[in-house]
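First up is the structure itself, then whatever we jot down about it.
The values are calculated or read from the model by the stated rules, or taken from the named source; none is laboratory data. Predicted model only: the values in this text are computed from it and were never measured. Cβ: placed from backbone, ideal geometry, glycine included. Neighbour counts: every protein chain shown.
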Amino acid sequence: MRRIGSRHAAAFLAALAAALLLAGAAVADKEQIHLTAAGQAAARAAVMHRADLGGGGGWTGGSKKPDLSSGTGCANFKPKQSDLVLIGAAETVFKHPGVEFDSEAQVLQTPAMVRLDWQRTVLAPQVMPCLRSNLEKQLTSSERLVSVRRIPFPALSGYTRAYRTTVDVKSTSGTTRVFVDLILIGRSSTEITLTTTAPLVAVAPVRAAELRLAHILVARAAP
């Protein structure tokens, strides 16, 4: 598989996270952050570990500090957050030549808060226009947005939704079509985001790995 430059992956991931942020901060209506030992333990359990990727070599990465400060980036999309309490947050990123998996888990104080956040942030009609707008802002002259769409994904819990963005990236060696899958899952008090970036020619094996990882993360989320 052709290697995807880290700058491209970072730009796409940042735009996606800004447009569909579970338990995230809105500009004027931020959630309450009261991290607890139990919440942090639950969040760390629900993100990828190196062992989840199997015994093959070549993977790099690990834990990173989750960004809890970003808003949606869209003036007409500021979902209410101030009545939500975040008690745990964790993120891991693993890269292999051509593929990147980013997993983030956020634990809210109650399952009812997850339900509210899902209704306001994921099911809102502003989601798709905001997602497209943020992505277009991130693209350079060598990148072209091909499509942004919702894609089918198994209902691993009561809250599951998936989106795929496809982008053409030009370089001296030609044009690579890249896809970015954003998988959003809520289970009990935990919200999981799994983001995959890879060349479209590798979509079949990467999709299989993505499904397997999503099952693992949901199974480890606190019931």
* Which numbered condition trips up residue 143, out of (1) of a type outside the set (Lys, Arg); (2) in contact (Cβ under 8 Å) with a residue 60 or more places away in the chain; (3) touching a Ser or Thr at 6+ places or on another chain (Cβ under 7 Å)? -> (3)
* To do: Mind telling me which of the residues 168, 181, 102 ends up being over 15 Å from the mean Cα position of the chain (by Cα) and within 29 Å of residue 58 (Cα to Cα)?
  => 168
* Somewhere in the range 113-128, is a residue out of contact with any Cys (no Cβ under 9 Å at 6 or more places or on another chain), within 29 Å of residue 58 (Cα to Cα) and part of a loop (DSSP other than H, G, I, E, B)? -> no
* Residues in the range 89-105 that are among the acidic types (Asp, Glu) and more than 21 Å from residue 127 (Cα to Cα): how many? -> 2
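Listed here are the residues, each with its yes/no results for (1) touching a Pro at 6+ places or on another chain (Cβ under 6 Å); (2) assigned to a helix (DSSP H, G or I).
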| position | (1), (2) |
| --- | --- |
| 134 | no, yes |
| 160 | no, no |
| 176 | yes, no |
| 186 | no, no |
| 194 | no, no |
| 208 | no, yes |
* Scan the range 117-130 and report the pairs whose first residue is free of Cβ contacts under 8 Å to residues at least 60 places away in the same chain and whose second residue is surrounded by 15 or more Cβ atoms within 10 Å (Cβ to Cβ) and part of a helix (DSSP H, G or I), with Cβ atoms within less than 9 Å and a gap of 6+ or a chain change. => 124/130; 128/19
* Asked: Is it fair to say residue 25 is of a type in the set (A, V, I, L, M) and at pLDDT 85 or above?
  -> no
* Pairs only if they're at least six apart or on different chains, beta carbon under 8 angstrom, first in the range 66-88 and under 14 Å from residue 122 (Cα atoms) and among the aromatic types (Phe, Trp, Tyr), second at pLDDT below 80 and not in a loop (DSSP other than H, G, I, E, B); list them, first residue then second. => none
* Looking at (1) touching a Gly at 6+ places or on another chain (Cβ under 9 Å); (2) among the aliphatic types (A, V, I, L, M); (3) part of a strand (DSSP E or B), which is the one condition that is false for residue 148? -> (1)
* **Candidate set: the range 119-174, residues that are surrounded by fewer than 16 Cβ atoms within 10 Å (Cβ to Cβ) and of a type in the set (Asp, Glu); chosen: the one farthest from residue 198 (Cα to Cα)** => 136
* To do: Out of 91, 100, report the one residue that is in a strand (DSSP E or B), among the acidic types (Asp, Glu), modelled with pLDDT of 90 or more and out of contact with any helix residue (DSSP H, G or I) (no Cβ under 6 Å at 6 or more places or on another chain).
  => 91
* So which residues in the range 187-219 are among the basic types (Lys, Arg) and surrounded by 18 or more Cβ atoms within 10 Å (Cβ to Cβ), if there are any at all? -> 187
* To do: Please work out if residue 166 is at pLDDT below 95 and assigned to a loop (DSSP other than H, G, I, E, B).
  => no
* Asked: Taking only pairs six or more apart or across chains, which ones have beta-carbon atoms under 8 Å, a first residue in the range 93-106 that is surrounded by fewer than 24 Cβ atoms within 10 Å (Cβ to Cβ), and a second residue that is basic (Lys, Arg)?
  -> 93/64; 94/50; 97/3; 98/2; 98/3
* To do: Take the residues in the range 75-86 that are buried (at least 19 other Cβ atoms within 10 Å of the Cβ) and within 19 Å of the chain's Cα centre (by Cα), then tell me which one is modelled with the lowest pLDDT.
  => 77
* To do: Identify the single condition in (1) acidic (Asp, Glu); (2) more than 15 Å from the chain's Cα centre (by Cα); (3) in a loop (DSSP other than H, G, I, E, B) that residue 67 does not satisfy, given that it satisfies every other one.
  => (2)
